[in-house]
Each structure stands twice: as structure tokens, then as C-alpha cells.
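In what follows, a single structure is set out as C-alpha cells and then discussed.
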Amino acid sequence: MDRCGRRRRAGALDIVATYSIAACDLETGQWGVATQSKFLGVGSVVPWAEPHVGAIATQAYANPRYGPDGLALLREGLSTEEVVGRLTSADDDRDHRQLGVVDGKGGSATFTGSECMDWAGGRTGPCYAAQGNILVSAATVDAIAESFESTAGALLAERLLDCLDAAQAAGGDRRGQQSAALLVVERDAGYASLSDRVVDLRVDEHERPLEELRRIYVMHQAIFGKTPRENWLEVDEGLADELRGRLARLGYEGELGDAFSTWAGSENLEERVDGVEHVDPVVLEELRRQT
């Protein structure tokens, strides 16, 4: 792994004072970015990702064009180091930029401009690039890297959330907290299999944005998460009678399949329903909770 750090004077620029990680899980085909900042709406600037192409975090005196332009360069086959070089060499404000890049094969690079504010730097390893600026110390970036390296096998989204928590526990942004974001992409794995965005969550302004981001993520998983089909429950006669009774108490009567689908749709659980021969235990638990 590699690490680089710089300590520089503070400037008068409007800085996205941030720590972030751009990363991927090659086994699941997912790429993502997680970030926290003392900056309003950090998710509108920092995270960019495309399945099988890469993930990019752009911050400090951020250049948002690094996101789409960097992904385009990765799509052309440039290495992460070449992408960093191409983007920064064409940018007169490169000394104020910070950038993390992961490519479609897990290669990574991080860049910290010479005028980024103390403490600023980054660290890379297989499948991740961690970086931050205006941090308490290098320990924040080290905590991100160590968390990611120690959680292989877990869901990428949850690994990224754990990285943010570890960074904050190690000191975080020395100006405090304000916003956070989590982006994870996978080909055709988003809503209705018509989107690549598996998770796209933002907390734009909050006293404890990491806690709020995780709360929203738990809600997201309850609605959009996927329970392995082998864990779904067979709807035998007894369970079918229970479903009919509970649905009727909520005002959903008639043919079981129609009533169940209508209720699930009203609760935004339609992605967890596939007929009534088997039922996702998460959906059943919610129905029971409501009745």
C-alpha cells in the first residue's frame, strides 16, 4: 500500500474539507464512494462511480469535472495514475485539489495538491483510495484504510460506512461534521433492475451526519435490500390464512396475490415481492408489525 501526506498553509478558498474512500468489490461487481465533510451537501460534489469502470472522489477545492471526466478516461483504458496525471496537468488550480481514483480492476491512486490545508494526504491499496484534508491528523486516513482492509467479505456499502465511522473515531475533519454521502453502483442492480445505483444516500446537513446516514441506510435496506431466495418462506395454508387476515385488518381484501401486492406497493416494498407462493421474511415481519 502507499501513503502520501502534506501539511500546508490555510487559504481563502471555499474548501470541501473532507475525508473519503473510493473503493470496489470485484467479486460482487460493485464500485462506490463514501464521504463526510464540514461542508453543505458533500454528496453533490465528491462521489462518482460507474460499474466496471471505476470510482472517483474529488474534494478539497473540489473540481466536480474530475468525476465525469475521470470516468471517461478510465473507460478509455487509462490507469489510475494516468487519470490523475491527465486531470491535474490540465488544471491550473491543481495544487488546491484532492482526488482518489479506483479503476475497473481494483487499481488505485490518490492525489493531494501542494496547497491543500493541513492535515491533508491519502493512502491506497488494492481496491481502495482513501484521502482527506483539514483533518486532525493522518490517523483519520489510516483508520479508513485499516477498516477497509479488515472487512473483506462484507457488503461494500457497509464496509464504506464502517470506514467513515472509523475515520471519525480517529479524529475526522478538524472543523467538525456537517454532511455525508454513500454511493454504490452495480450493473442493473438498482431499482427494478433499471438502474446501476444500488445505494445513493445523502445527509446534506446534520449535527451527526454519520449516524443519520446509517439510519437512512438501514431504512434503505429494509425496502430495497435483497433476502436470498433460499431464505424466503413457503406460503402454506396456515401462512396464507395469516396473510389474508392481517391484510384484511389493514383494508386489503380480495384475492390474496392482488391484496398482498397492493399492500406491498403502498409500503414501497414491491421490490421484495414475487407472487405469493413464497414470502420474503422482511416483508412478513413488516406486515406483522403493522397488524
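Restricting to region 149-172, name every residue that is charged (D, E, K, R) and either in contact with a His (Cβ under 7 Å, 6 or more places away or on another chain) or open to solvent by 50 Å² or more (accessible area, probe 1.4 Å) (or both).
GLU149, GLU158, ASP162, ASP165
Within the bounds of region 273-283, is there any residue that is farther than 18 Å from GLU234 by Cα, open to solvent by 30 Å² or more (accessible area, probe 1.4 Å), of a type in the set (A, V, I, L, M) and not in a helix (DSSP H, G or I)?
no
Any chance region 235-245 includes a residue that's of a type outside the set (Val, Ile, Thr), part of a loop (DSSP other than H, G, I, E, B) and modelled with pLDDT of 95 or more?
Yes - at least one qualifying residue is present in region 235-245.
In region 263-291, how many residues are among the basic types (Lys, Arg) and either farther than 13 Å from ALA222 by Cβ or out of contact with any helix residue (DSSP H, G or I) (no Cβ under 8 Å at 6 or more places or on another chain) (or both)?
Residues in region 263-291 being among the basic types (Lys, Arg) and either farther than 13 Å from ALA222 by Cβ or out of contact with any helix residue (DSSP H, G or I) (no Cβ under 8 Å at 6 or more places or on another chain) (or both): 2 in total.
Cβ-Cβ under 8 Å, sequence separation 6+ or interchain: first residue in region 125-148 and within 20 Å of ALA17 (Cβ to Cβ) and open to solvent by 10 Å² or more (accessible area, probe 1.4 Å), partner basic (Lys, Arg) and modelled with pLDDT under 95. Which pairs?
Cβ pairs passing all conditions: VAL136/ARG174; ALA138/ARG3; ASP142/ARG3.
Return the only residue of ARG202, ARG175 being in contact (Cβ under 8 Å) with a residue 60 or more places away in the chain, in contact with a strand residue (DSSP E or B) (Cβ under 8 Å, 6 or more places away or on another chain), open to solvent by 60 Å² or more (accessible area, probe 1.4 Å) and of a type in the set (Lys, Arg).
That would be ARG202, the only listed residue that is in contact (Cβ under 8 Å) with a residue 60 or more places away in the chain, in contact with a strand residue (DSSP E or B) (Cβ under 8 Å, 6 or more places away or on another chain), open to solvent by 60 Å² or more (accessible area, probe 1.4 Å) and of a type in the set (Lys, Arg).
Just to be sure, is LEU256 modelled with pLDDT of 95 or more and closer than 29 Å to VAL184 by Cβ?
no
Kindly provide the set of residues from region 147-203 that are assigned to a strand (DSSP E or B) and within 11 Å of the chain's Cα centre (by Cα), ordered by number.
ALA180, ALA181, LEU182, LEU183, VAL184, VAL185, ARG197, VAL198, VAL199, ASP200, LEU201, ARG202
Conditions: (1) assigned to a loop (DSSP other than H, G, I, E, B); (2) modelled with pLDDT under 95. HIS206 meets all but one. Number of the miss?
The single condition HIS206 does not satisfy is (2).
The values are calculated or read from the model by the stated rules, or taken from the named source; none is laboratory data. Since this is a predicted model, take the numbers as computed values, not measurements. All Cβ positions, even for glycine, are placed from backbone atoms using ideal geometry, and neighbour counts span all protein chains on display. Areas reflect the complete protein model, heavy atoms only, side chains present, ligands, DNA and RNA absent. Shrake-Rupley method; radii C 1.70, N 1.55, O 1.52, S 1.80 Å.
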